Amino acid sequence: MNKAITDGLVFMPPAFENGLNVWSSGDGVPGDPTWDASPDAALVPSDQDFGSCLELIKNATTTKLRYTGDTTILPGCYLRVRARVKAISGNLPSVRIAGWAGAAGGAHVTGVVETGAGLTLTTYGKVETIEAIIGTGNRTGVDMSWGTSAIFGHFGIDLTGANGGVVRIDDIEIEDVTSVFLRNMLDLVDVRDYGATGDGVTDDSAAFIAADAAAAAAGQTLLVSAGTYFLNSNITLDAEPRFEGTVTMPVDKRLAITRGFNLPIYAKAFGDEELGFKKAFQALLNFADHDTLDLAGRRIEITAPIDMQAAVNNKTVYASRRTIRNGQFNVIGGPAWNTTSVTSQASYSISNDRTLTGVVNIANIPVGSLVEGTGVGREVYVTSVNVGAATLTLSQPLYGAAGTQTYTFTRYKYLLDFSGFAQLSNMIIDDVQLECSGEASGILLAPSGTIFQLRDSHVLTPKNRGITSIGSGCQGMLIDRCQFQSNESNLRSQDRISIAINANANDVKIRDNRGVHFRHFAVLGGSGNLLTGNHWFQGDSEPSGLRVAGLVMVGTDVKSTINGNYVDNSFIEWTNEYESDPDLGTQFSFGGLTITGNTFTANDVAPWFSWIVVKPYGSGHFIRGFNLSGNVFRSLNGPIDRVEKVDTTFATLNNFSMRNIWVGENTFTNVTQVIANPVLLQHDEASEATVWTIDPGPYLPFGGRARNVDAVVAEGMITGPSNVRRTDMPFVNVEQGASGQQITLNWASASKGRVNVKVRMDNPN
């Protein structure tokens, strides 16, 4: 720093030969006498040591020489006053640098040191140099510390000691020497002072280690000054760094910044936000100093999928809690995001139901590919590839693919791709926006692991998928308070392909999220799931439009709860498409599902639309353990027939085996046929008959049979001919009629009247 250069300030006083009228014999303040025309001062035009110089005779106790001009004093700026002198004759005096400290308005700053150290001249003709440093700060090496009150000074020299001596003085110099104090002022240790070259080729690791040790020991900042520094070793910086230059490292070398660990400092260190994020994530998983990578609200432009395991490089298994938070990833389009698609022949056997064997062209099939083919359920992925054995491991079994066929393997490109980890647990993404821009998918989970969390985040406009699980890396996954916005809002619901979330493992919690215009909001293949407080809607503007499942529950005994959600223009589909032999055998059949307290709505749908759809992929299945209660169903712009149905594309349900089903306390608006189980019906028999046929069938869910009657209560008097009172109790026949959906009340004698009956389509336990 040099204020003469940066601010154009003039510190250097004029040469003596330009006139002595600006040189005072006092303090240099207005009114003080000058040396102009003084008998004790003379200009010497040509001294052999000085050239032009001033000659003074010392005739006062302290003979003063001060420049009358105001020399500016600035906070943080340090001035050096220097003079060269020599004794010519007479007594030998002492010489010192001196000044007068001036404040605003020309006032004198009292109580400060205004003289430097004295030097006694000992030999005639010997040139001596005297100097002193003046500034506002009290730093080592400062001779006159004047504080911030001083804003200018009058500088020169004093002659002290015996009178009568003659002294010659070269032109006095005043210069800015702040740079001398810069290191201490800024509290910096520069890596270049420890041998770093910054040429981008020489390994500067040793210099960084030494400079960091010095800075950390002194509590100073480590300065990485301008340049490109190649580091070929793992480096841990314990001092807080400041990057003016950048570093470059091999992929397998790590930079751990233990103080101020965040994305901005890594972006500065590597000169690139995308690379900075990768190196920061590498450090996050390799050092225990921090459990959170703070993106500091930064938006990172991402030009290609981030292979998170490749960024870490040295780990394929990780389980410690780590968090990435507070920032945005923004996808920049390009060929790196192009989907990879491979077709290949392979064989499948029910006896080895998560493996494809004899896979042709297997080396070209990436892990994480979506598998499509005859008999393949939704969201089945390649979990691992064994090239030598020509086998693929699948995330789920295939329901109807036994034998050999050609499959399509589609590998979407994900912004954050964790699939390179064999196992990853306790990874948290918090308060992050993934702006996929219709170019990329969002997050690909590791093949195995537990408790992945996404919370308070936005996954916006993914091209194909929001969050994808290709194995059991979704075990215990928590997705809370997130926004999922598809890139397909302009398409009809049936034409969309994107899916917000899929999971294969158990205990997934999806809470308080919002999903907009995906083909499916979630496809869940495990059990023990909890969905609460979410709002997903898949509608479009097409009149009498088709709708697709917003939520797909895959599994028979799902042991799951769907509570307090807003299910908008979509339905809940319950299937067993992940069974290699989907016919009922020794496994549990459909059950363990509770759907309570939700709001179901639909606009402009066809009358056959239903919100609850059970789709068995094999024969013999039934429902055992199901609760549909406390929900609100409302259809707008036209009624629908029913809220529930069985999709019989592959098979029907066995209504003879239904058990423990509760459907009640729901509210229906613009639904032609309400449902309940048990259903309470009021039946009027206007003419005497011994057999009363009652038809609860339309009310029974899933086309169920009238299997049990819980109660028969007469309302009013049951009478015979001539209104004769009947007192006998009728007996009940269940499962009457062609479809078994009627019951009959059988009286001892012909009777008429009104009864209330409660009928069930299941056995209660």
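Each value in this text was obtained by applying a stated rule to the coordinates, not by laboratory testing. Computed from a predicted structure; not experimentally measured. Note that we place each Cβ from the backbone using ideal geometry, even for glycine, and neighbour counts take in every protein chain shown.
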Expressed to two decimals, the chain has a Cα Rg over Rh, using the Kirkwood radius, of 1.32
Checking rank on 203-211, 302-310, with mean other Cβ inside 10 Å and highest first, the result is 203-211, 302-310
Computed D for the range 3-181, Stokes-Einstein, Kirkwood radius over alpha-carbon pairs, 10 °C, 1.306 mPa s, to the nearest µm² per second, is 97
Under the rule rounded for a/c under 1.5, else prolate if a/b exceeds b/c, else oblate, using alpha carbon gyration tensor axes a ≥ b ≥ c, the range 422-479 is classed as oblate
Expressed in nanometres to one decimal, the distance between label points 7 Å along Cα→Cβ at ALA214 and THR129 is 2.5
Plugging the Cβ-Cβ distance of ASP641 and ALA363 into 1/(1 + (r/R0)^6) at R0 = 45 Å yields, to the nearest 0.05, a FRET efficiency of 0.30
Residues whose built amide H sits under 5 Å from the amide H of ASN603, excluding neighbours closer than 5 in sequence, are ASN569, LEU636
Everything considered on the Cα gyration tensor (a ≥ b ≥ c; rounded for a/c under 1.5, else prolate if a/b is larger than b/c, else oblate), the range 340-411 must be described as rounded
Taking 0.36 nm per residue of separation between ALA714 and ASN670 and subtracting their Cα-Cα distance, the length gained on full extension comes to 12.7 nm
Simple SL model, points at 7 angstrom along Cα→Cβ for GLU372 and ARG659; separation in nm is 4.1
Between SER225 and ASP289, the FRET efficiency computed from the C-beta separation at R0 = 22 Å comes out, to the nearest 0.05, as 0.30
The convex hull of the Cα atoms of the range 679-760, divided by residue count, gives a volume in Å³ per residue of 77
Taking 0.36 nm per residue of separation between THR148 and LEU43 and subtracting their Cα-Cα distance, the length gained on full extension comes to 34.1 nm
Of the convex hull drawn through the C-alpha atoms of the range 555-621, the volume per residue in Å³ is 91
per DSSP, antiparallel bridges as share of beta bridges in the chain, % nearest 5, sits at 45
